[in-house]
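The values are calculated or read from the model by the stated rules, or taken from the named source; none is laboratory data. Keep in mind that what you see is a predicted model, and the values were worked out from it rather than measured. Note: ideal-geometry Cβ built from the backbone for every residue, glycine included; neighbour counts use all protein chains shown.
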Amino acid sequence: MTRLVRDIMKIGVPTCTLETSLPQVAKIMARENADAIIVMDEFGAAGVVSQSDLVLAYPRNYELLAAKDVMTDKIISVAPEAAVTAASNLMQDEKVHQLFIMHEHPGPSRPSAVVTMRAIVREMAGLEPEKPAAGKIAKPAKK
């Protein structure tokens with residue numbers, strides 16, 4: 001049976017604002033055990049900051065930078081009904097380590113779940129998908 005993204009995705013995606021400092025972004029990512037964080041503005045999801053973005057910012061006086069300074073504005077998304085093999089191919093094609101599942105409703109675009117390379121590795125190992133910390137769904141960080 002073909003495994004679908006919904007079978008391995010992690011519900012809940014940490015978010016921050018455009019003005020959130022990089023040290024705070026790093027704290028959120030570490031606390032949530034996340035590989036990336038969605039950057040939100042008044043219109044919804046504006047971009048993504050990944051671990052790679054943080055590492056590249058490290059030598060650039062990262063303490064003085066905000067999410068908007070290093071984010072990638074292209075958020076690669078996938079449908080929960082997509083096959084995991086299709087998600088794997090999309091990650092390789094786009095050179096990203098995670099794909100986001102976005103809420104499908106009118107209004108601001110918001111992330112609802114994420115599928116990562118780590119989730120695919122866990123699937124290959126026969127392990128259960130990662131779950132958010134008990135009772136915790138990440139909320140946007142304050143400025």
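None of P23, P14 is at pLDDT 95 or above and buried (at least 20 other Cβ atoms within 10 Å of the Cβ) except P14. What's the total number of residues in the stretch 22-38 that are of a type in the set (D, E, K, R), within 13 Å of the chain's Cα centre (by Cα) and in a helix (DSSP H, G or I)? The qualifying residues number 1.
Scanning for something crowded, with 20+ Cβ neighbours inside 10 Å and touching a His at 6+ places or on another chain (Cβ under 8 Å), does the stretch 36-47 turn up at least one residue? Taking every residue of the stretch 36-47 in turn, at least one turns out to be crowded, with 20+ Cβ neighbours inside 10 Å and touching a His at 6+ places or on another chain (Cβ under 8 Å).
One residue stands out in the stretch 62-82 among those that are of a type outside the set (A, V, I, L, M, F, W, C) and part of a loop (DSSP other than H, G, I, E, B): the one that is surrounded by the most Cβ atoms within 10 Å (Cβ to Cβ), namely P80. The number of residues in the stretch 5-21 being within 22 Å of S109 (Cβ to Cβ) and not in a loop (DSSP other than H, G, I, E, B) comes to 7.
Within the stretch 22-75, how many residues turn out to be farther than 29 Å from E104 by Cβ and either in contact with a helix residue (DSSP H, G or I) (Cβ under 8 Å, 6 or more places away or on another chain) or acidic (D, E) (or both)?
Residues meeting the conditions: 11.
On inspection, R110 does not qualify as farther than 15 Å from M9 by Cα and modelled with pLDDT of 95 or more. When residues in the stretch 83-116 are screened for being under 18 Å from M40 (Cβ atoms) and exposed (fewer than 15 other Cβ atoms within 10 Å of the Cβ), 6 of them pass.
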